[in-house]
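Below is one structure; the comments refer to it alone.
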Amino acid sequence: MTLEKYQKKRKFEKTPEPKGTRPSPKAMEGKSIKDKKSRVFVVQKHNAQNLHYDLRLAMGGVLKSWAIPKIPSKNPKIKRLAIQVEDHPLEYAKFKGTIPKGEYGAGTVEIWDKGKYQLKEGNLKKGHLQIKFDGDKLKSRYHLIRTKGFQAKNSWLFFKAKD
């Protein structure tokens, strides 16, 4: 879990995004999927070249991140593509503002939803997480499942669990 990819894509003298720091060993503690404590999540509406939503989950001292091309659905029958992107620093959970034209991710970022989440079951490495969100808009269980086939390493499905 490193921020190297995140930091290489950005020119921090030109963008207001947080640089972040290397996760401390203490922040890495409790990264096990078995740890049921509440953690921070944020969904950011990112009006870049294409409008999309960035789901970010605090995990292992960083924000694990997925770009979702359409608004997260509250209908369990609707599955959304979620492309896993580089880890972001924990400070990014509070970021909102405008990334300047010409910079990576140029456009406006606003917080669409935020709150706490719990990992109910699953494994990130194996490609399935069941997450219970307690946010302003997302207040239910959702699944993140890695797809098989083309770009399987980064392609996931994000959808609401049946209640």
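The values are calculated or read from the model by the stated rules, or taken from the named source; none is laboratory data. Quick caveat: nothing in here was measured; it's all calculated off a predicted structure. Glycine gets a Cβ as well: all are built from the backbone with ideal geometry, and neighbour counts include every protein chain shown.
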request  = Return the total of residues in the range 51-91 being out of contact with any His (no Cβ under 7 Å at 6 or more places or on another chain), under 17 Å from Gly105 (Cβ atoms) and outside any strand (DSSP E or B).
outcome  = 2
Within the range 116-163, strands (runs of 3 or more DSSP E) holding 2 or more residues that are basic (Lys, Arg) = 141-146
remark   = By residue number, the members of the range 118-163 that are loosely packed, with under 15 Cβ neighbours inside 10 Å, closer than 22 Å to Asp87 by Cβ and of a type in the set (Lys, Arg) are Lys125, Lys126, Lys153
task = Could you tell me which numbered condition His143 fails, if it satisfies all but one of (1) in contact with a strand residue (DSSP E or B) (Cβ under 7 Å, 6 or more places away or on another chain); (2) at pLDDT below 95?
result = (2)
task = Go through the range 7-39 and give me each residue that's at pLDDT 90 or above and within 25 Å of Phe133 (Cβ to Cβ).
result = Glu17, Pro18, Arg39
